[in-house]
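Inspection log for the structure reproduced underneath, given as structure tokens.
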Amino acid sequence: MKTRGWFRNGALAFGLAFLYIPILSMIVFSFNNSRLVTVWDAANSPTLAWYRKLFANGQILDAALLSLQIAAVTATGAVILGTLAGLALVRFGPFRGRAMLATMTTAPLVMPEVITGLSLLLLFVALEQLTGWPAGRGIATITIAHITFAMAYVTVVVQSRLAGFDDSLEEAALDLGAKPAKVFFRITLPLIAPALVSGWLLAFTLSWDDVVISQFVSGPNSTTLPMVIFSKARLGVSPDINALATIMVLIVATGVVLSTIWMKRQERRRLLEEQMARSDAG
Amino acid sequence: MMPNAGNRVPQGLADDRLGLWQALLQQFGLQRWSQYVRQHWSGQRLVVAVPWLWLFLFFVVPFLIVFKISFSEIRLAMPPYAPLFEWLEEGKRLVTTLNLGNYAFILSDNLYISTFAYSLKVAAVSTLLCLLIGYPMAYAIARSAPTARSLFLMLIILPFWTSFLLRVYAWVGLLKTDGVINNTLLAVGLIDTPLTLLYTDFAVYIGIVYSYLPFMILPLYANLEKHDLTLLEAAADLGARPFKAFLRITLPLSVPGIVAGCLLVFIPAVGEFVIPSLLGRADQLMIGRILSDEFFANRDWPVASAVAIVMLLALLLPIMLFQRYQRRELEAAKR
């Protein structure tokens, strides 16, 4: 058994190194003062030159602001729609159109992005011909496209959270005369709050990161940050992108760690309350 | 129920239309409509209807449009395709032009066939590599101490939260001829001349494995974590060596996790666009790139649609398998 433990841990260490070395190399080279982006210039480094250049680049800043707005609206819309879909699929039992809803919420998870992007663009063009809306492509069409694929992820997160609770609390509240809407806001929603937070963050990340679908459904004045990065990256490596990546990694790492701590704390409090309720009853 | 409409038939066309509208309004007008909603739509129906209609409009209808356009002919107009149904001679004759030419073109052109074959090969090899790297990792996490597990899981998921595009881009810097890997190998003295790593099949495999590894590990971990370890103890008591016990017990039990992980990697990898564009060969494109080129560069929307439909048909079976897995997983979570 000793040798197997060695193999297992070796594989894990190798895998984690594989996952983190590229990120670390980007961070390191963002502080490198050299025209040759991949050669470390020990004499003049570390430097913040690339960060200064990044914050002087109006195109990147505008694109980042646009992406931020789209991602925030997308995340909010996806959480609302995804929560409704998850609630219906887990709690409502059989209803007409249930199988269809289940299919429509799992297929986007694996659908190649080029297909989603192409089909949505063709829909928007056809809609514009028929109704005059949307007039051209832009922020609105990108947001609709992002909500559509992000809500599938939120649905899965909400579904698995809801499936982890039985509906006894909700039923007790209904028996005591609470209206369904009240039950949802007073009981179901607090229970699934952690799933909504992680769903929101997930949807935000998916939108913030998407380049393929955005390329299909964007218009002339709606270039998102990933589209700028992609066109720059196609031309080769540029160190200000390294600086941008470093900033993004820092924000994300902080956010994930904080939200994990928050969720752990919520969970602990919930368990404690359950315990107290049980000892009161007993 | 429509007395007005019936009475007004002999009068002029405009009047007739007005009557019909009146009747329709009476039948389905605002008052009736809100009454209907009050009577028949409970809150539950509304909860179902909103996401259902959204996904129907923005996920299902678009596919029907792609399907329709794939049978059209290209035309120099905006939008650049011919309609399937056309009224000729002032609405007296309905002409349908169902054109199978796009499919015939794709399926007879060597470029498309080799691109499809190459995409399937790249996706299959990457999926296999993902499994070979991901399985031992998922296994190691599932068998580590419970306190270490959540830390390892967070480490697996954390890169997934940072930009996928930037992480692929990081490999350009690593794999370049004067990149980090070549410089390191040269400095250590393992090689004399730099290796060609970037813009090769190898680079695409690395990019896909790197980006999709968490999707392989997470379902595998979810499966391996639930295994009953007493089975392995029993096997050891009966004299089976650890490796044999693994082959006969752990591996068969983890098949659902393997299938789910492989599908989560394989299906999106077939249509992958960003990774081959940044890391891949210039002389051999993948199908996602061909689709996008047909659409943007050639402005041939019908052929691009036909490529999408063929790709979708090829992926239909894996997508249905994935759906079944997902459903079963949720039912298991309910119990």
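The values are calculated or read from the model by the stated rules, or taken from the named source; none is laboratory data. Note that this is a predicted model, so its numbers are computed, not measured. Reconstructed Cβ throughout: ideal geometry from the backbone, glycine too, with neighbour counts over all protein chains shown. Heavy atoms of the whole protein, side chains included, go into the accessibility calculation; ligands, DNA and RNA do not. Shrake-Rupley method; radii C 1.70, N 1.55, O 1.52, S 1.80 Å.
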So what's Rg/Rh here for the range B:293-335, counting alpha carbon atoms and using the Kirkwood radius for Rh? 1.34
Roughly how many Å² is the accessible area per residue of the protein assembly as shown, as a whole number, for a 1.4 Å probe? 51
Three-way shape label, the range B:108-334, alpha-carbon gyration tensor, a/c 1.5: oblate
Let me know the charge dipole size of the protein assembly as shown about its Cα centre in debye, to the nearest 20, where only the beta-carbon of Lys, Arg (+1) and Asp, Glu (-1) is charged. 1220
Nearest-20 debye value, chain A charge dipole, Cβ charges on Lys, Arg, Asp, Glu: 500
So what does B:Tyr169 come to for accessible area, using a 1.4 Å probe and Å² rounded to 10? 0
Charge dipole of chain A built from unit charges on the beta carbon (Lys, Arg +1; Asp, Glu -1), centred at mean Cα; most positive-end Cα among A:Met263, A:Leu81, A:Gly15 is A:Gly15
Taking all protein chains in place and a 1.4 Å probe, what share, in percent, of the accessible surface of the range A:58-236 do carbon and sulfur account for? 64
Using the Cα gyration tensor of chain A, with a ≥ b ≥ c the square roots of its eigenvalues, what is the shape: rounded (a/c below 1.5), prolate (a/b larger than b/c) or oblate (neither)? oblate
Value of Rg to Rh for the range B:199-334 (Rh from inverse mean 1/r over Cα pairs, i.e. Kirkwood): 1.13
May I ask you to rank A:Thr83, B:Thr196, A:Thr76 by accessible area, largest first, using a 1.4 Å probe over the protein chains only? B:Thr196, A:Thr76, A:Thr83
Hey, what do the phi angles of the range B:322-332 turn into as Karplus ³J(HN,Hα) couplings, whole Hz, using 6.51/-1.76/1.60 and θ = phi - 60°, x for Gly and Pro? 4, 4, 5, 4, 4, 5, 5, 4, 5, 5, 5
Quick one: buried accessible area between A and B, total over both chains, 1.4 angstrom probe, nearest 100 Å²? 8300
For chain A the mean separation of alpha carbon contacts under 8 Å (6+ apart) over residue count, i.e. relative contact order in percent, is 29
Keeping the other protein chains in place, figure out the carbon and sulfur percent of the accessible area of the range A:242-282, with a 1.4 Å probe. 66
If I take the Cα coordinates of the protein assembly as shown and project them onto the principal axes, what are the three extents in Å, biggest first? 97, 74, 53
Give the residue from B:Ser150, B:Val204, A:Val157 lying farthest towards the positive end of the charge dipole for the protein assembly as shown; charges sit on Cβ (+1 for Lys and Arg, -1 for Asp and Glu) and the dipole is referred to the Cα centre. B:Ser150
Once phi for every residue in the range B:167-174 is put through the Karplus expression 6.51 cos²θ - 1.76 cosθ + 1.60 (θ = phi - 60°), the whole-Hz ³J(HN,Hα) values, with Gly and Pro written as x, are 6, 5, 4, 4, 5, 4, x, 6
Cβ-placed point charges (K, R +1; D, E -1), dipole of the range B:108-334 about Cα centre in debye, nearest 20: 580
Phi-based couplings in Hz for the range B:114-120 (Karplus 6.51, -1.76, 1.60; Gly and Pro marked x): 5, 5, 4, 4, 5, 4, 5
Relative to the isolated chain, which residues of the range A:200-214 have their accessible area cut by 20 Å² or more in the presence of all protein chains (1.4 Å probe, heavy atoms, no ligands or nucleic acids)? A:Leu202, A:Thr205, A:Asp209, A:Val211, A:Val212
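Residue by residue through B:310-320, how many Cβ atoms from other chains fall within 10 Å of the Cβ on average?
2
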Options B:Met137, A:Gly177, B:Ala187, ranked by Cα towards positive dipole end of the protein assembly as shown, top entry (Cβ charges): A:Gly177
List every residue whose amide H lies under 5 Å from the amide H of B:Tyr81, counting only residues 5 or more places away in sequence or on a different chain, with H placed 1.01 Å from N in the peptide plane. B:Arg75
